[in-house]
Ligand SMILES: *Cc1c(COP(=O)(O)O)cnc(C)c1O
């Protein structure tokens with residue numbers, strides 16, 4: 001199977017999982033994580049209908065977004081302050097914001113770019129030391145700081161589940177969905193309306209994420225690697 005067949009296969013299965021979860025397939029965006037491949041493979045996926053792509057490095061984001069400006073680019077990686085000016089011009093959505101100082105810098109760079117930057121707050125639901133993200137108990141404070149920034153719009157939450165146990169993954173995803181609902185209550189109507197996204201689920205655990213309410217799944221290997229099977 002090639003990239004196009006794999007992309008179409010996942011898109012089809014995603015629609016089935018939505019129906020199974022009592023959801024409308026149009027509620028969930030498949031983000032093809034292209035971090036391990038080049039612009040050529042991105043082009044192949046686009047021919048199969050892919051529009052949304054995820055990158056975790058600023059250099060790769062800049063390069064692939066330059067080749068494929070008509071695609072929608074998501075930044076899903078570790079944010080470094082000195083690279084924010086390389087990320088903001090190209091990213092439709094930044095998924096991995098969890099530091100106050102990065103939020104302020106994104107606001108400043110977005111203002112200079114003349115844009116309002118859509119972001120998700122990354123939450124460390126599992127509490128694993130190795131994972132990025134704001135701790136559950138610190139999420140309300142980070143959210144209120146971010147919604148006060150004029151050139152940042154908080155579109156929801158993102159998380160990564162621990163690998164290996166799908167039951168644990170499902171609990172983590174349900175935890176993120178519950179946190180979103182809870183935080184949304186605290187927002188003014190306009191901010192609450194924008195705060196509707198849940199980015200969760202990867203190649204191995206996206207089905208659990210869809211069942212728990214994901215609005216975006218980030219899938220890399222299952223689209224781009226012939227070695228991936230599950
Ligand atoms: C690499 C990556 C993905 C995709 O992972 P796969 O297991 O290849 O599907 C999703 N989210 C983030 C943040 C990543 O870094």
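Any read-out appearing in this document is the output of simple, stated calculations on the displayed coordinates, not a laboratory observation. Predicted model, so just to flag it, every value in this text is computed and none were measured. No Cβ is skipped: glycine too gets one built from the backbone with ideal geometry, and neighbour counts run over all protein chains shown.
Taking a point 7 Å from the Cα of residue 196 along the Cα-to-Cβ direction, the residues of the range 145-159 with backbone N closer than 15 Å to it are 154-157. Principal axis extents of the Cα atoms in the range 53-175, from largest to smallest and rounded to whole angstrom, are 41, 32, 22. For the pair residue 100 and residue 12 in one chain, pulling the backbone fully straight at 0.36 nm per residue adds 27.8 nm over the alpha carbon distance. Express the relative contact order of the range 3-223 as a whole percentage, based on alpha carbon pairs under 8 Å and six or more residues apart in sequence. Averaging sequence separation for qualifying contacts and normalising by length gives 19 percent for the range 3-223. Cut-off 10 angstrom, C-alpha nodes, Gaussian network model of the chain. Which of 154, 33, 67 fluctuates the most? The residue with the greatest mean-square fluctuation here is 67. For the range 133-169 versus the range 20-48, the inter-centroid distance based on Cα atoms is 22 Å.
For the chain, a Gaussian network of Cα nodes joined below 10 Å ranks 157, 143, 121 by mean-square fluctuation, and the top entry is 143. Expressed in units of 2.2 N^0.38 Å, where N is the residue count, the Cα radius of gyration of the chain is 0.97. In this simple spin-label model, placing a label point 7 Å from the Cα along the Cα-to-Cβ direction at both residue 20 and residue 80 gives a separation of 4.1 nm.
With contacts defined as alpha carbon pairs under 8 Å and 6 or more residues apart, what's the relative contact order of the range 98-144 in percent? For the range 98-144, the relative contact order is 37 percent. Here the mean projected area of the convex hull built on the C-alpha positions of the range 68-130 is 4.9 nm². Annotation: extensible slack from residue 92 through residue 186 equals 31.3 nm (criterion: 0.36 nm per residue apart, minus Cα-Cα distance). Result for the chain in a Gaussian network model with C-alpha springs under 10 Å: among 185, 60, 122, the largest mean-square fluctuation is at 185.
Helix content alone sets the calculated 222 nm mean residue ellipticity of the chain: runs of n ≥ 4 DSSP H residues at -39500 (n - 2.57) each, divided across all residues, give -13000 deg cm²/dmol. The calculated FRET efficiency for residue 229 paired with residue 116, based on their beta-carbon distance and R0 = 45 Å, is about 0.65.
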